[in-house]
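Each remark here refers to the structure printed beneath this line.
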Amino acid sequence: MITLEIKNNFHQLIDSIENENLLRKFYELMLRKRASKDGILWNKLSEEEKQELLLANEESKNPDNLISHSEIKKKSN
């Protein structure tokens, strides 16, 4: 989707919402997202923490390393 199309679709979505509370939440979310800077959390991590996260991400791509949702549910009961 190109930027103009996204903007048009977003405007249409907003125009179709009649719930003021929901509109307010969308508005506040958009304000927070626009104000946040990418990478702030990442930059607060130590090099060791960054490496651990990158390794965990790589390991999660191997299905043998994953635990099924039903298995997790069994363990939490």
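From its DSSP helices (H runs of at least four residues, each -39,500 (n - 2.57)), the chain gives a residue-normalised ellipticity at 222 nm of -22000 deg cm²/dmol.
Taking trypsin sites (Lys or Arg not before Pro) across the range 1-76, the ones in a DSSP loop with at most 12 further Cβ atoms lying within 10 angstrom of their Cβ are Lys37, Lys61. Distance from the Cα centre of the range 1-26 to that of the range 30-77, in angstrom? For the range 1-26 versus the range 30-77, the Cα centre distance is 29 Å.
In this simple spin-label model, placing a label point 7 Å from the Cα along the Cα-to-Cβ direction at both Met1 and Ile17 gives a separation of 1.4 nm.
The simple Förster model, with R0 at 35 Å and r as the Cβ-Cβ distance, assigns Arg24 and Ser76 a FRET efficiency of 0.50.
We did not get these values from a lab; they are worked out from the coordinates using the rules stated. What you see is a predicted model, and the numbers here were worked out from it, not measured in a lab. No Cβ is skipped: glycine too gets one built from the backbone with ideal geometry, and neighbour counts run over all protein chains shown.
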